[in-house]
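Worksheet: one structure, shown below.
The values are calculated or read from the model by the stated rules, or taken from the named source; none is laboratory data. Every value quoted in this text rests on a predicted model; they were computed, and no experiment measured them. Quick reminder, even Gly has a Cβ in these numbers, built from the backbone with ideal geometry, and neighbours come from all protein chains shown.
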Amino acid sequence: MTSETPAIEQPVQRPRRRDEAIPSRRERSVPRAGWMVVSGKEFADQLRSARFVVLLFVLGIAAVIPMYFTADAIRTAASNITDRSSLFLSLFAFAPTAASTGIQIPAAVDFVRLVGPLLGVAFAFDAINGERSGGTLPRLMSQPIYRDDVINGKFAAALSVIGLVLVLIVCVIAAFGIIRLGIAPTAEEILRLAVWVVVTFLYISIWVAFGLLLSVLTRSAATSALIGFGLWVVVTIFGGFITGFVGGLVAPISGTLDQQAAANALQQTITRLNPSTLYFEATSALLNPQVAAVSNPSTIGGYQQAFQRVPSLQSFEQSLLLVWPHMVTMLAITALFFAIAYIRFMRQEVRA
Amino acid sequence: MTAPSTRPTRKKIGRARSAAGPDPTATSHRRVEGEDRPRAPIRTRGLTKTYGDLVAVDHLDLEVQAGEIFGLLGQNGAGKTTTILMLLGLTEPTEGQARVVGLDPARRPLEVKRRVGYLPDAVGFYSDMTGRDNLRYTARLNRIPRDEAEDAIDEALEQVGLSHRADDRTEEYSRGMLQRLGIADALIKDPDVLILDEPTTAIDPLGVTEILDLLRALVSDRKMAILLSSHLLNQVQHVCDRIGIFAAGKLIGQGSMGDLASRFGEDVARIEADVETDSDSGAARVREVFAAIPGVTSVAAPRRAGEPWSVTVKPAGDSTRVRRAILAAASSTGLDLTSVRELPPSLEDIYRRAVERAAHGHARDVR
């Protein structure tokens, strides 16, 4: 029988048949990891998908509407205050009041705080169970890639899309400020904005990782979308009430002044279980140099110090120091969700 | 035989992304020269998979040679898909071992998957991409250089007869077309082994013939080893060189149709004869003549005009002699005999009997 090395004795139909006897040569010659192929395809898919267009539109509106009203407010503010160093940043953080109706419009950052989680969940909720229900997962897994290449690639693709959208929107707002209002950012403002983009990215990553986890745990994309968006509503609307309520139960404010201060600090820690709170605190410290502290003092001495402090502008390093723990925490939450999703996915059966 | 061949694979455990060092398959080829038989591309020894108390696959010994089609036959839940997943390294065996193209799929899944084409049961494609783009993605995952991939894609689409619809989105494909695309998808990497899980379900009868012809051509031209699982017995019977009957995780019989027939058949052969008769008395005479031949156990008259007579022969080995005797009897008695032929053993009968026998044997083991 001559069947062991079919490549040699049969007429060469295709040129690539020749190196079939040494299968590893080709893989060495093209050193590309499987997850990059997966994420490349997923990235392209996301950009062409309807959800990308819709979310870009929603976020675009979220960026443009406050900007329109902010422009007037900033113009008047700019003529009055000349020493304010954060004029450029108020493009993002300033919550304007529409002059005609008197309705206060949320700032761009508040919009991002609301819509960011939606964006995160939307790009990940069907990552794995979509493949499962489409019957493509067994086929994908039978290709020469590792199992984690699939989940890594999908996570990377979702994060890339979000990074892209985020940078795009920040650029649009900044360009509007520079061209239309003529306010040029200082180097420090650019740094602050850059860190704010990173913080926002981490904040949305939490929700991407959560969406990915849902897509691993649930069988149908509809279920995970429902859970994901439902939780988004609960967290963004009722999150503050819930953490406040739990905080009040765990650490009621009573006793001596020092005890009250300590209880208050503990309550604040509990509210920080909500990523939205973390993001809010980090944003306010980054985009407003006047914010000197994000935590309530835990002793009466701390309060006294805070009152005696001369109001001054924080340097970039000082602000960064304030939000550093927030960033690390958000990264940790993301890593936790992704780790659970990863482990569960690796242990799941391939078949549908 | 297994001990020396495992050694080169054991050296590299885990995620060896860059396959450095001597190529394991090259060394295995050299080793093979000393052996009298070429190594089978698919081999399993005592392969076992349990889920808790449930034994999905029970000490499976299987060999599929290059250049043959092996049909895995079994009911739903018999362990066919689990076996296939273990061969691809997508599920780890609880016990025993498998060798695919000489490699352990549990330890070196990437190299195995690089050389094994797999068509999953109920294959799916990305519905918003064209058939061609779906195949391109597969080619990229296999690290096939772009220009080679385009040629391979064209060829594979041609082979499964989908060239004219290649640039339509797969959401517009019928179930049968998806199945064809799945076979093309498995062929893109130019595999040495093809594993097909229910390849012909949902394909129309004419398409099935085309697909089965394609499989035969792949086996004879490229010396591929093909393992296919199916519950469509007559298709398996026609295309497979050897058949394995799978029940409750056990391979209860394997071999060619003839082997299986002699093992599980009743040792009877069926002969069909077309006889022109014009009256009832003629039919009675035919019956008389046939029944008189030694070895014939029963004679069944045609239910409708134009249908053949059916003659049962026992033992099966006598069938040739009986056929000759029918011809001789026809000429000597003046019957208007137009044709005599032996029916191939029915896989359905064999399968039913094998499963029944295994079930009884199993019951005896338990009690």
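Might you let me know whether region A:278-289 holds any residue that is of a type in the set (D, E, K, R), under 30 Å from A:A158 (Cβ atoms) and assigned to a helix (DSSP H, G or I)? Yes - at least one qualifying residue is present in region A:278-289.
This table checks each residue for (1) more than 12 Å from every other protein chain (Cβ to nearest Cβ); (2) in contact with a Leu (Cβ under 6 Å, 6 or more places away or on another chain); (3) assigned to a helix (DSSP H, G or I); (4) surrounded by fewer than 24 Cβ atoms within 10 Å (Cβ to Cβ).
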{"residue": "B:G176", "(1), (2), (3), (4)": "yes, no, yes, yes"}
{"residue": "B:R180", "(1), (2), (3), (4)": "yes, yes, yes, no"}
{"residue": "B:P199", "(1), (2), (3), (4)": "yes, yes, no, no"}
{"residue": "B:G207", "(1), (2), (3), (4)": "yes, no, yes, yes"}
{"residue": "B:I211", "(1), (2), (3), (4)": "yes, no, yes, yes"}
{"residue": "B:V219", "(1), (2), (3), (4)": "no, no, yes, yes"}
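Within region B:88-113, the set of residues being more than 10 Å from chain A (Cβ to nearest Cβ), farther than 22 Å from B:I144 by Cβ and touching a strand residue (DSSP E or B) at 6+ places or on another chain (Cβ under 9 Å) comprises B:E92, B:P93, B:T94, B:E95, B:G96, B:Q97, B:A98, B:R99, B:D104, B:A106. Go through the residues of region B:333-345 one by one and say whether even a single one is surrounded by fewer than 18 Cβ atoms within 10 Å (Cβ to Cβ), modelled with pLDDT under 80 and closer than 24 Å to B:R242 by Cα. Yes. One residue is enough: does region B:135-149 have a residue meeting the conditions more than 21 Å from A:S39 (Cα to Cα), within 28 Å of the chain's Cα centre (by Cα) and assigned by TED's automatic domain parsing to the domain that holds B:G117? No, region B:135-149 contains no residue that is more than 21 Å from A:S39 (Cα to Cα), within 28 Å of the chain's Cα centre (by Cα) and assigned by TED's automatic domain parsing to the domain that holds B:G117. If you check A:R16 against the conditions, is it outside any helix (DSSP H, G or I) and at pLDDT below 70? So A:R16 does not fit the description; no.
Contact annotation: residue pairs with Cβ atoms under 9 Å, 6 or more positions apart or on different chains, pairing a residue in region A:327-352 that is without any contact (Cβ under 8 Å) to a residue 40 or more places away in the chain with a partner that is part of a loop (DSSP other than H, G, I, E, B) and not aromatic (F, W, Y), are A:E349/B:L90; A:E349/B:T91. Kindly establish whether B:L215 is under 27 Å from A:Q46 (Cα atoms), in a helix (DSSP H, G or I), in contact (Cβ under 8 Å) with a residue 24 or more places away in the chain and in the same structural domain as B:L88 (by TED's automatic domain parsing). In short, no.
Pick from B:E92, B:E63: which is under 26 Å from B:H231 (Cβ atoms), touching a residue at least 12 places away in the same chain (Cβ under 8 Å) and surrounded by fewer than 24 Cβ atoms within 10 Å (Cβ to Cβ)?
Working: B:E92 fails: under 26 Å from B:H231 (Cβ atoms).
Only one candidate passes the filter, namely B:E63.
Sort through B:V116, B:V160 and tell me the only one that's within 29 Å of B:N76 (Cα to Cα), of a type outside the set (D, E) and facing chain A (nearest Cβ under 10 Å). Working first, answer last.
On the way: B:V160 fails: facing chain A (nearest Cβ under 10 Å).
After ruling out the rest, the residue left standing is B:V116.
Restricting region A:108-129 to residues that are of a type in the set (V, I, T) and within 30 Å of A:M141 (Cβ to Cβ), the residue that is surrounded by the fewest Cβ atoms within 10 Å (Cβ to Cβ) is A:V121.
Do we have B:A40 as part of a loop (DSSP other than H, G, I, E, B) and either farther than 21 Å from A:Q143 by Cα or modelled with pLDDT under 90 (or both) here?
Details: part of a loop (DSSP other than H, G, I, E, B): yes; either farther than 21 Å from A:Q143 by Cα or modelled with pLDDT under 90 (or both): yes.
Here the answer is yes, as B:A40 does meet what is asked.
When we screen B:D167, B:D154 for residues that are over 29 Å from B:R99 (Cα atoms) and touching a strand residue (DSSP E or B) at 6+ places or on another chain (Cβ under 8 Å), the only hit is B:D167. Taken over region B:294-334, residues that are of a type in the set (D, E) and more than 15 Å from B:P345 (Cβ to Cβ) amount to 1.
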